[in-house]
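Some notes on the structure that comes next.
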Amino acid sequence: MKMTSIKMKRLLDERLQNPEWRTSFNRDKDIYRIEWKDTQKGIEISLPGIISKYEQKQDAALDELEEHIEEALKIMNETHDLVGKEKSIIPVIRAASFPTESNEGKPLVTDEHTAETRIYYALDLGKSYRLIDEEMLQEQGWDQDRIREIARFNVRSLDQNMKQDDVAGNTFYFVSSNDGYDSSRILNEALLEEMKAKSVGELAVAVPHGDVCIFADIQNDMGYDILAQMTMKFFAEGRVPITSLPFLYEDKQLEPIFILAKNKPKDKNQE
């Protein structure tokens, strides 16, 4: 029987039962909301996307969603300090279109990165994290330079284990440690320089979603085609999509590129 938004709403109602929570459903927008009754802080979920995942993974999709919702609501209801938790501050990469304010309308701490991506800063909480907003910095008496310096130091401490795959004379390296910060490796300047030094051809880097970072030693035209297909596939499947465009790394700069089949890529701005 075909899953509908109404049926999905009922499934979620059965799972998300807590006397301190309130749920609601906007039929016109297909949005399901769950929030704390006392603070009205909560989460909105687009049901068509959940239905699509449910059709693929059935109850496993709902198990995963339920876990994320419970953790997110828990975080919303807690007070978090930065002092004493410096080692838990990590930079994260998001799409340039990602919101620059929290759900409560508080400006998030961000830095420019590329035309496709932006840097945010997260406080790691174990199973999840909270994006740091400007109010948190003010409460701690910190400035953005301090958070930036701490986060960049911490990203260099992340595990750098990679899986290597050689395809059609090109070498691809995958960072996928499932620690929630795989795409953050693109911010490790020492790692980028190391990968550039060991590359035989041109170094390309891709962060199609939050849980993977791809380094590619491109040695022939086929390598560009493979990277383009790979990046698009990861982008489509990612829980936190970032960008389907890879980057060329040259002179310590990342340049987003379009990749044309059987051709060397052209700079995005020249396309």
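The values are calculated or read from the model by the stated rules, or taken from the named source; none is laboratory data. Here the structure is a predicted model, which means the values were calculated and not measured. Methodologically, a virtual Cβ is constructed for each residue, glycine included, from the backbone with ideal geometry; neighbour enumeration extends over all protein chains shown. Heavy atoms of the whole protein, side chains included, go into the accessibility calculation; ligands, DNA and RNA do not. Shrake-Rupley method; radii C 1.70, N 1.55, O 1.52, S 1.80 Å.
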Given the options Ile93, Ile147, Ile69, which has the most mean-square fluctuation in a GNM of the chain, springs set between C-alpha atoms less than 10 angstrom apart?
Ile69
If you take every residue apart from Asn103 with its C-beta less than 14 Å away from the C-beta of Asn103, what net charge results, scoring Lys and Arg +1 and Asp and Glu -1?
-2
What aspartates and glutamates sit close enough to Lys7 to cross-link, taking a C-alpha to C-alpha distance under 19 Å and skipping anything fewer than 8 places away on the same chain?
Asp28, Asp30, Glu44, Glu55, Asp59, Asp63, Glu64, Glu66
Please state the shape class of the chain: rounded when a/c is under 1.5, otherwise prolate if a/b exceeds b/c and oblate if not, all from the C-alpha gyration tensor.
oblate
Using the Kirkwood formula on the Cα atoms of region 1-145, what hydrodynamic radius do you get, in angstrom to one decimal?
17.1 Å
How high is the FRET efficiency from Gln253 to Lys53, r the C-beta distance, R0 30 Å, rounded to 0.05?
0.25
Added length on full extension, which subtracts the Cα-Cα distance from 0.36 nm per residue, Arg22 to Lys233
72.3 nm
Classify region 183-262 as rounded, prolate or oblate from the Cα gyration tensor: take a ≥ b ≥ c as the square roots of its eigenvalues, call it rounded if a/c is under 1.5, otherwise prolate when a/b beats b/c and oblate if not.
oblate
MRE, 222 nm, helices only [DSSP H, n ≥ 4, -39500 (n - 2.57), over the chain, to nearest 500]:
-10000 deg cm²/dmol
First compute the accessible area of the chain with a 1.4 Å probe, then give the percent of it belonging to carbon and sulfur atoms.
46 percent
For Lys233, net neighbour charge (Lys/Arg +1, Asp/Glu -1) across residues whose Cβ lies under 15 Å away:
-3
Hey, which of these cross-link pairs are over 24 Å Cα-Cα: Lys87/Lys163; Lys85/Lys196; Lys57/Lys233; Lys53/Lys127?
Lys87/Lys163; Lys85/Lys196
